[in-house]
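The values are calculated or read from the model by the stated rules, or taken from the named source; none is laboratory data. Computed from a predicted model, the values in this text were never measured in an experiment. For neighbour counting, all protein chains shown are included, and Cβ atoms are generated from backbone atoms with ideal geometry for every residue, glycine included. The area values use the complete protein model at the heavy-atom level, side chains included, leaving out ligands, DNA and RNA. Shrake-Rupley method; radii C 1.70, N 1.55, O 1.52, S 1.80 Å.
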Amino acid sequence: LLTGTVFIAVYWYFWFDTSSRNSTEARRVVLAGIVAGVLAVILARVLADVLPDRTRPLVNPPPGFRMPTHIGDYEEWSSFPSDNAAFVFALSLVLYRFAPRVAAALTVYGFAAVCVPRITLGLHYPSDILVGAVIGAVAAWISERYVRGKTVDWLLGFAQRHAGWFYGLAFVVTLELAEKVDDPRNTA
């Protein structure tokens with residue numbers, strides 16, 4: 001609840017807040033951020049699947065590491081890179097030009113609430129998080145550079161022409177993002 005949901009709540013706020021900002025630009029940033037979040041997870045999962053498997057610390061703890069508890073069934077998933085880190089950094093970094101203070105707060109929050117606990121619980125090594133953050137930054141850059149133009153304008157036009165379809169799909173996509181894309185990741 002306190003990880004992906006916080007990011008998606010901020011995105012919905014920017015989508016509907018028309019009081020103090022250019023709402024069209026805010027919506028462009030939101031759509032670019034959603035694309036960046038999805039792209040970051042896809043890139044991280046593809047890399048995890050094609051690179052050699054890296055056993056998670058909870059499966060093969062380093063000397064002196066004591067597992068606080070057993071967390072889920074992660075034994076079959078490679079820990080490198082962290083798709084959760086890629087996801088939260090992509091979502092926060094896309095906001096930097098539009099809302100730098102919010103972006104900075106989300107970046108710190110993502111690191112503290114998502115990344116550090118994953119290291120502490122033995123789900124990732126610090127290097128998994130670092131590479132995930134780099135993937136998130138690359139996804140944010142790709143989205144800013146290539147998606148924010150015609151693709152985002154097309155999505156905005158679709159939202160105006162087919163509001164019912166757009167908001168129905170937006171609900172499903174943002175729900176999955178709030179849950180850190182667990183259903184599609186597990187299916188893949």
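The overall shape of the stretch 1-51, judged from the alpha-carbon gyration tensor, is oblate: a/c is not under 1.5, and a/b is no greater than b/c. Take GLU179: with every protein chain present and a 1.4 Å probe, its accessible area is about 80 Å². Between THR5 and LEU130, the modelled label-to-label distance comes to 3.3 nm, taking each label 7 Å out from Cα in the direction of the beta carbon.
Karplus-based coupling profile of the stretch 139-155, in residue order and whole Hz: 4, 5, 5, 4, 5, 4, 6, 10, 9, 5, x, 4, 4, 5, 4, 4, 4, with θ = phi - 60° in 6.51 cos²θ - 1.76 cosθ + 1.60 and x standing for Gly or Pro. Over the stretch 91-146, what percent of the accessible surface lies on carbon and sulfur atoms, probe 1.4 Å? Solvent-exposed carbon and sulfur of the stretch 91-146 make up 74 percent of the total. Ordered from highest to lowest accessible area with the whole protein assembly present and a 1.4 Å probe, PHE158, PHE87 read as PHE158, PHE87. Which distance in nm do the two modelled labels at VAL102 and ASP53 give, with both placed 7 Å along the Cα-to-Cβ direction? Distance between the two pseudo-spin positions: 4.2 nm.
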